[in-house]
1. Keeping all protein chains in position, work out how much accessible area F168 exposes to a 1.4 Å probe, and write it in Å² to the nearest 10.
2. Between 0 and 90 degrees, rounded to the nearest ten: what's the tilt of helix 113-127 against the longest Cα principal axis of the chain?
3. If each residue of separation counts as 0.36 nm, what is the full-extension length gain between A139 and F234 once their alpha-carbon separation is subtracted?
4. By how many nm would the segment from V10 to A219 grow when fully extended, if each residue of separation counts as 0.36 nm and the alpha-carbon distance is taken off?
5. Show me, for the range 32-43, the HN-Hα J-couplings you get by feeding each phi into the Karplus relation (A = 6.51, B = -1.76, C = 1.60, θ = phi - 60°), rounded to Hz, glycine and proline as x.
6. Mind putting a number on the dipole of the range 154-283 about its Cα centre? Charges go on the C-beta only, +1 for Lys and Arg and -1 for Asp and Glu, and I need it in Debye to the nearest 20.
7. Suppose we keep just the DSSP beta bridges with both residues in the chain; what percent of those would be antiparallel, to 5?
8. Going by a ≥ b ≥ c, the root eigenvalues of the Cα gyration tensor, does the range 141-244 fall in the rounded group (a/c under 1.5), the prolate group (a/b larger than b/c) or the oblate group?
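The values are calculated or read from the model by the stated rules, or taken from the named source; none is laboratory data. Computed from a predicted structure; not experimentally measured. Because the Cβ atoms are built from the backbone with ideal geometry, glycine has one as well, and the counts that use them run over all protein chains shown. Ligands, DNA and RNA are excluded from the accessible area calculation, which covers all protein heavy atoms including side chains. Shrake-Rupley method; radii C 1.70, N 1.55, O 1.52, S 1.80 Å.
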Amino acid sequence: MWKDWIRPFVRPLPQWSTLAVASPQQAVIATLRWDGQSADVTADHTVASLKPLAIATSLDAGQCPVLEYRDSATGRLLGVLRLARTASIATENTSLTLYHVAAGEHRCLGWPRRPWNAWLQNRLMRKSRSSNHLNMEPAVAQQLMIAYLCPRPVVLVSVDASGHHNIFPMDLIGPLQRSGLFSLALRSTNVSVPTMREARRVALSSIPATMKAVVYKLAAHHKQPLADWSELPFPVRPSREFGIPAVAAALHIRELAIVHSQEVGSHTLFLGRLVSDDKLAEGTQLHHTAGFHQAWRCRQGMPFAEI
Ligand SMILES: Cc1cc2nc3c(=O)[nH]c(=O)nc-3n(C[C@H](O)[C@H](O)[C@H](O)COP(=O)(O)O)c2cc1C
């Protein structure tokens, strides 16, 4: 159909693609490169803040490392982020390094589709800027999409303290493997941030891909707490040590004892230690990746299962 042919020229790719992927994802490998050295950080880097866009890792990779994302099956370079060291965080006999994203480019689309798609996407972002969360600069949103080349799993975070209950979705999460810490980057305006700082414990439910619709609805709880656990449209079960209500149908329930929290730009970075780790079911977990990554996979004849 001529419409299928013309579509890429007039309509941008979606920024995000929601996927059903087994966790931990194996499709993409992330590598940090600096001063002639390199290290696999697939399970050791995370987004720490959106404004400014910052990456945390347990490695100290010098002042200006490069973060590369490669397809694991073909070795093909999908994208790079150029980083600039901003700070380190010392806690619990370990340390993390924070990097600002200075620049980035992806290789998922060829020329001229790559700049043209970015132009179309950026134009759309500028039009709907006020409804964009955090009002991010389009160029920074493009860098964030590159950080999602490693498909990011979605969890529901449960918080339960006297007088405050909540459950909301997150995907800006750890692990930060070498440090043994697990991170959560939560916008500081989230209504549960003060309780999390005080109670210092949460439960994380890994969400089956089939629960996408209900999970997206729970995004409302970033701004307003849950009145009562019984109002949720699915059953909960108490987490093993803390007894925090978690999703009964979760693939995996983990509990985190929060050992450190600090503001990083727009977000509060929580660092925790795993207290329990219960694998409950097999199945695919809800993940996010960049739309241009899924477009590349489709061209290779190996699309991710979309949901
Ligand atoms: C699947 C999913 C994952 C999310 N992950 C995070 C996260 O990791 N950190 C965070 O601060 N907000 C997260 N959010 C919240 C959104 O970024 C946003 O703040 C929330 O939906 C409220 O939207 P608004 O502020 O644009 O109105 C997530 C939302 C959804 C639906």
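1. 0
2. On a 0 to 90 degree scale, this one is about 50.
3. Numbers: separation 95, 0.36 × 95 = 34.20 nm, distance 3.86 nm.
Taking 0.36 nm per residue and subtracting the Cα distance, the gain is 30.3 nm.
4. Working: separation 209, 0.36 × 209 = 75.24 nm, distance 3.09 nm.
Computed gain between V10 and A219 is 72.2 nm.
5. With the stated coefficients, the range 32-43 comes to 8, 10, 7, 6, x, 10, 8, 8, 6, 10, 3, 10 Hz.
6. Working: 13 positive and 11 negative charges, 42 e Å.
Rounded to the nearest 20 debye, it is 200 debye.
7. On the way: 88 of 88 bridges.
Roughly 100 percent of the DSSP beta bridges within the chain come out antiparallel.
8. On the way: a/c = 1.55, a/b = 1.33, b/c = 1.17.
Because a/c hits 1.5 or more and a/b exceeds b/c, the range 141-244 counts as prolate.
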